[in-house]
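Single-structure report; data block below.
The values are calculated or read from the model by the stated rules, or taken from the named source; none is laboratory data. The structure displayed is predicted, hence computed values, not measured ones. Glycine gets a Cβ as well: all are built from the backbone with ideal geometry, and neighbour counts include every protein chain shown. SASA here: full protein model, heavy atoms, side chains in, ligands and nucleic acids out. Shrake-Rupley method; radii C 1.70, N 1.55, O 1.52, S 1.80 Å.
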Amino acid sequence: MKRLRQKQSQFFDAYEVDSVCTPEGVLGIAVDESEEANPLHLVEAIKRCLEDVYTEAHKNNVPTWKQVDDILQKEEYVNVVSNASIANDGEEDETKLVNFQRKILPLDSLHLSMEAVKEQGLKNAAGQRKQELVICATLVDKVPNLAGLARTAEIFAADRLVIPDSSVCKMDIFKSVSVSAGDWITIEECKEDGLLSWLKHQRENGYKIVGLEQTSSSSCISKTEFTGKTVLLLGKEKEGIPVEFLQVVDACVEIPQLGIVRSLNVHVTGAIAIWEYTKQMMTKKSA
């Protein structure tokens, strides 16, 4: 909104009503193909303004190949000049210069450009390196819990948050609870009916699936050693993790409890697990 207000102010500051309404201003209006007056419509001006603001706000979200292409477009061009002499009626003409413009694409430059784009994607908005931690909240349906998880995941530089419906990020309650964290963390959508295949795909990519659930084989979270690439699978608010998803997890962990109530809020559970993972990664890094 701040960018939009600035652009609107610039437009109206530059728009001089007195000069536009003069004969010179009227006759200076551009014409269309039918040679009819075609003044700039206010709606069109606002549309262009909104497009400019959108482009500025999303310039870092373009695909990787496009970012690399933009970088390569800035590479220097080398002109190879060749002289050609042509005889005409036995007399020598002036030497003609033929310029061949060839774009140089050194492999080293291409490699460095791709590495720079890749490195940029490994860091969060604060410039900190993202952790190899994915928070899977597909089974969570309450918006305040999803917003709280987004806030916690962003604070501890998780790689991304997976939710069942990305449209909830536009809700006022989500924005209020997450405190704009949804703008700074990658949010991926995965519905429950596609969760099983999504989990299997993550395992194929080297991730360890850790379910936060109390089962007969669960281990205490404080005694669990987290590895690098980890997916934290959170259960439903009341039912927990359904059996069909427990069958694909690599391990189940639970949080020790000392009170009467035997369950924690799913957001609180996720926050504790995220901190435990972060603490272990920080300890390994400092060792």
Test result for residue 214, farther than 21 Å from residue 156 by Cβ and in contact with an Asp or Glu (Cβ under 9 Å, 6 or more places away or on another chain): yes
Those strands (runs of 3 or more DSSP E) lying entirely in region 176-287 with at least 1 residues at positive phi: none
Selection within region 139-175 - part of a loop (DSSP other than H, G, I, E, B) and crowded, with 24+ Cβ neighbours inside 10 Å: 158
Filter pass, residue 141 being in contact with a Pro (Cβ under 7 Å, 6 or more places away or on another chain), of a type in the set (Asp, Glu) and either under 21 Å from residue 211 (Cα atoms) or modelled with pLDDT of 75 or more (or both): yes
Filter result for residue 194 (at pLDDT 90 or above, touching a Leu at 6+ places or on another chain (Cβ under 6 Å) and open to solvent by less than 90 Å² (accessible area, probe 1.4 Å)): no
Qualifying residue in region 243-254 (condition: open to solvent by 90 Å² or more (accessible area, probe 1.4 Å) and within 23 Å of residue 154 (Cα to Cα)): no
From 222, 217, 263, 178, residue being of a type in the set (Ser, Thr, Tyr) and closer than 24 Å to residue 129 by Cα: 178
Filtered residue count, region 258-287, keeping only those that are touching a strand residue (DSSP E or B) at 6+ places or on another chain (Cβ under 6 Å) and touching a residue at least 60 places away in the same chain (Cβ under 8 Å): 2
Matching residues, region 225-242, being open to solvent by 60 Å² or more (accessible area, probe 1.4 Å), modelled with pLDDT under 90 and under 20 Å from residue 200 (Cβ atoms): 227
Single residue of region 255-287 satisfying the filter (among the basic types (Lys, Arg) and over 18 Å from residue 238 (Cβ atoms)) that is most open to solvent (accessible area, probe 1.4 Å): 285
Residue 189 vs. criteria in contact with an Asp or Glu (Cβ under 7 Å, 6 or more places away or on another chain), closer than 24 Å to residue 265 by Cα and either without any contact (Cβ under 8 Å) to a residue 40 or more places away in the chain or among the polar types (S, T, N, Q) (or both): yes
